[in-house]
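Trainee: Just passing along the structure, written as structure tokens.
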């Protein structure tokens, strides 16, 4: 019997209820984790944990990660490497674009198991964008930077068609590219409505999360390297911008906000610090509840530099932050954090079906499991 609108709606409501309940259970299990101890194999305790999904590429550092669902995820990393799994990480396919071996892929945005856009970073022509519509069997180069002064850092999409790419300041303003055809073509947006960049200010291509979106028009851009660590916000897909200072310590090319995560238009997290090994990173996290107009420091921040962040699915208060020295969890919306794993990861991504993935150096890839 064909479904009526009311029965389809009931099905969606039931599925949403099941996902919400599962999200609450996942958050509760994470909240119950104890701080990792030396006695725990892999630096973790029993319960919810990162389970390795080894792609067999120890020479690659993966800073680009796009989780589609619990079974499907894309990775982008050094040596022009792009990998894809469709079976939850049990196996990985090398779908790297031909001729890309000399490129540094730092971001990947995926719409499903077939369509994805990857960003290579670097000065001049090293900054490029590639797009696939057939799961990486073929790729098309859709953008190549020709300005030797420019360096692109991150991609972000509002939906399957509309997205932005951001680059470090040239002539005193961050560069923004826009696409309205899913990454097939890109055009620069005018810089006249972009707040002037500070001396030394730039983005960090550390996790693909220096540019993030929420809804159909809201986008935020994270900065560092200048006298103030700022977050820039646009409510019209990058046409006009405002800038707000954050409490994350600035004042050095290695310090600032490295990653943002927004669970809706109002509630967001900022993480960062000083990426140099062994350097202290006090006040390395901040939180906003007004869309980035103001930021408050975390009362108990992560203990060290963090390069990636993600909200747990269907949770209003739980999120993860990752970095080279560990993974931290907040269960109060970013006010306090505690370390739950000591493994090294650069980026993290979660999906509505409760799939959370992380990736980093030495080919490390994992999925959150219990």
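Trainee: Can you tell me the order of 314-320, 147-153, 193-199 when each peptide is scored by its average per-residue count of other Cβ atoms within 10 angstrom, highest first?
Mentor: 314-320, 147-153, 193-199
Trainee: Distance between the C-alpha centers of segment 142-197 and segment 221-240? Whole Å please.
Mentor: A separation of 13 Å, based on Cα centres.
Trainee: Mind giving me the FRET efficiency for residue 362 and residue 192? R0 is 51 Å, r the Cβ-Cβ distance, nearest 0.05 is fine.
Mentor: The computed FRET efficiency comes out at 0.70.
Trainee: Per the Cauchy relation, a quarter of the hull surface: what is the mean projected area of the convex hull of the alpha carbons in segment 123-268, in nm²?
Mentor: 8.5
Trainee: Starting at 0 and stepping by 10 Å, how many percent of the alpha carbon pairs of the chain end up in each bin?
Mentor: 6, 26, 35, 25, 7, 1, 0
Trainee: Separate question: Full-extension gain between residue 161 and residue 299, please, as 0.36 nm times their residue separation minus the C-alpha to C-alpha distance.
Mentor: Stretched fully, the residue 161-residue 299 segment lengthens by 45.8 nm.
Trainee: In what sequence, highest mean first, do 361-367, 206-212 appear when ranked by Cβ atoms within 10 angstrom?
Mentor: Highest-to-lowest ranking by the protection proxy: 206-212, 361-367.
Trainee: Here's something else I'd like to know. Please work out the C-alpha center-to-center distance from segment 293-370 to segment 203-219 and express it in whole Å.
Mentor: The two parts, judged by their Cα centres, are 16 Å apart.
Trainee: Working from the alpha-carbon coordinates of segment 69-194, get Rg over Rh, Rh being the Kirkwood radius.
Mentor: 0.98
Trainee: At a temperature of 25 °C and a viscosity of 0.890 mPa s, determine how fast segment 243-370 diffuses translationally according to Stokes-Einstein, using the Kirkwood radius over alpha-carbon pairs as Rh; express D in µm²/s, rounded to the nearest whole number.
Mentor: 171
Every read-out reported here was derived from the displayed coordinates using simple, explicitly stated rules and does not represent laboratory data. A quick note: this is a predicted structure, and the numbers were derived from the prediction, not measured. All Cβ positions, glycine included, derive from the backbone under ideal geometry; neighbour counts span all protein chains shown.
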